[in-house]
Amino acid sequence: MDLVEGAPEVKGTAPKPKRLRRSCSRSPQEKAAEVAAAHATKAASAKPVEVLDVKYLKEGGKRGKELAARLERIFQRLRGLEQEDNHARLPRGLKKLAQALATPVYLKHKQRDVRLLVACALAEVLRIYAPDAPFASKDLQSIFGLFSQSLSGGLPNLAGATGEASLEDKCVLHLLHSLAEVKSAVILVELFQAGAPNAEEQLRGFVEVLLSAARPEHAGTVREQLVDVLQYCFEELELVPRPVFDTLLLPLLPQHARTQPASYQVALGLCRRCANLLHGQLSSLLNGLLDSSLGSASSQSELSEHALPLIYELHKASPELLLYVLPTLTEQLRVESDEERQQVVNLLGRLYASPAANYGADAPKLFQAFLQRGHDKSDEIRAQMAAIASAIAQRKPALRGAVGAFLAERLQNVRP
């Protein structure tokens, strides 16, 4: 049957069409071009990896500039995210990325610039998820270990600096700024109060790092941010652990203040801000230090050895801090040691003459008890009291009546 009606019948076999000959061998350049084209096609069809996807981080490897560059992009992307109460609205994969950043591979990376970028990225994660951090307790402790390490080298001083600041300097200052703005350091307090292992020592170390990070050349803003972070921690503490208190007060001792004046200013600033909060506990601590430093054969700590100068420095922060310490100081005027009585007389004289306080008017009975040292059995202390009383009369007009009576009595007693 014909396929097409009317078509002529063709006898025999139809000739095969001629095929064009093609060389079966290709040059290396052609092969390379084909491979490159295939890869390009595959890459064009593949969906680009989101910066906040954990794959993007891991594709950067574990070392080199590529990892640092990817971490910087991740950090900048995180900075652009708003804090979100509804975590479902956050970018997909962000939680996995955050948890990957909190692993030893990145927290303990050998390159400092990588660790600093990881610290900044994690600080942003804490901001975005606040108040519910997407980490387990042990991971949070590791994160704050990195924060402490990042700040422990000291803070850079960019005030008046010329040229572009280094990446490391920018990271360190951003980390401090984030801790001050977001108040994320209270997580350390929560871990301590929840009984996390080694949390007390980590909190103490964090306080020490913040105190020692300050430098005299820093702008006031940097010191204020350090005080801010410390304030948030102390405000959250139900009871300040003694090691943490010791760490706070040590910079106030004269020998430390001379060598680290910026740390002294930060510690004094914190005591000034938190005076009402710390009043009761600090009074108990100071009274205990007095008991152990005077009339005791041995001292328990560096604070005990220098309790009297510490008390004077604290009155500069807030005179009210000493209202419950003055009675104990007055009792110390009765100790047997002439040298110890002389030390207490000198301190009380400075306190009663201080322009920062009006202890003589606020506690007149204690002031009268102090003036009685004018009858001390020690000739040196009696002479010391005369000089101190004159200084008080010059600086405190309200006390001139009491001091004048004391001096008149003394003159009468020394007449032949």
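Please report, largest first and rounded to whole Å, the three semi-axes of the ellipsoid equivalent to segment 271-416, where each semi-axis is the square root of five times an eigenvalue of the C-alpha gyration tensor.
Values for segment 271-416, descending: 27, 19, 10 Å.
Can you give me the Cα centroid spacing of segment 50-80 and segment 206-222 in angstrom?
30
Tell me, what is the Rg over Rh of segment 164-231, with Rh the Kirkwood radius over Cα pairs?
Reported Rg/Rh (Cα atoms, Kirkwood Rh): 1.02.
Quick check: Cα centre of segment 99-125 to Cα centre of segment 352-401, how many Å?
One Cα centre to the other: 58 Å.
Work out from phi, with θ = phi - 60° and the Karplus expression 6.51 cos²θ - 1.76 cosθ + 1.60, the ³J(HN,Hα) of each residue of segment 256-267, listed in order in whole Hz, and give x for Gly and Pro.
After applying 6.51 cos²θ - 1.76 cosθ + 1.60, I find 7, 4, 5, 8, 9, x, 5, 5, 4, 5, 5, 5 Hz.
Is the C-alpha gyration tensor of segment 191-303 telling us rounded, prolate or oblate? Criteria: a/c under 1.5 is rounded; beyond that, a/b larger than b/c is prolate, otherwise oblate.
Taking the square roots of the gyration eigenvalues as a ≥ b ≥ c, segment 191-303 is oblate.
Cross-link list LYS62/LYS95; LYS138/LYS316; LYS316/LYS377: which exceed 29 angstrom alpha carbon to alpha carbon?
LYS138/LYS316; LYS316/LYS377
Which whole number of Å³ per residue matches the convex hull of the alpha-carbon atoms in segment 351-405?
69
With θ set to phi - 60° and the Karplus curve 6.51 cos²θ - 1.76 cosθ + 1.60, what are the ³J(HN,Hα) couplings of segment 168-184 in order, to the nearest whole Hz, using x for Gly and Pro?
Per-residue couplings from phi come out as 4, 4, 4, 5, 4, 5, 5, 4, 4, 4, 5, 4, 6, 7, 8, 6, 5 Hz.
Given segment 277-360, report the % of alpha carbon pairs whose separation exceeds 18 Å.
Tail of the P(r) past 18 Å holds 37 percent of the pairs.
Take the alpha carbon atoms of segment 45-97, find their radius of gyration, then divide it by 2.2 N^0.38 Å using N residues; give the quotient.
1.21
Using only the Cα atoms of segment 56-162, build the gyration tensor, take square roots of its eigenvalues as a ≥ b ≥ c, and label the shape rounded, prolate or oblate: rounded if a/c is under 1.5, else prolate if a/b is larger than b/c, else oblate.
In terms of gyration-tensor shape, rounded.
Can you give the Rg and Dmax of segment 123-187 based on its C-alpha atoms, in angstrom?
13.3, 42
Could you run the Karplus curve 6.51 cos²θ - 1.76 cosθ + 1.60 with θ = phi - 60° over segment 205-213 and give me ³J(HN,Hα) per residue in whole Hz, x for Gly and Pro?
So the Karplus estimates, Gly and Pro as x, are x, 5, 4, 4, 4, 5, 5, 7, 6 Hz.
Can you tell me, using C-alpha contacts under 8 Å and at least 6 residues apart, the relative contact order of segment 223-333 as a whole percent?
28
How high is the relative contact order of segment 129-228, in percent, counting Cα pairs under 8 Å that sit 6 or more residues apart?
RCO, segment 129-228: 40 percent.
Throughout, read-outs are computed from the coordinates displayed, never taken from laboratory work. Just so we're clear, the structure is a prediction, and the values are computed from it rather than from any experiment.
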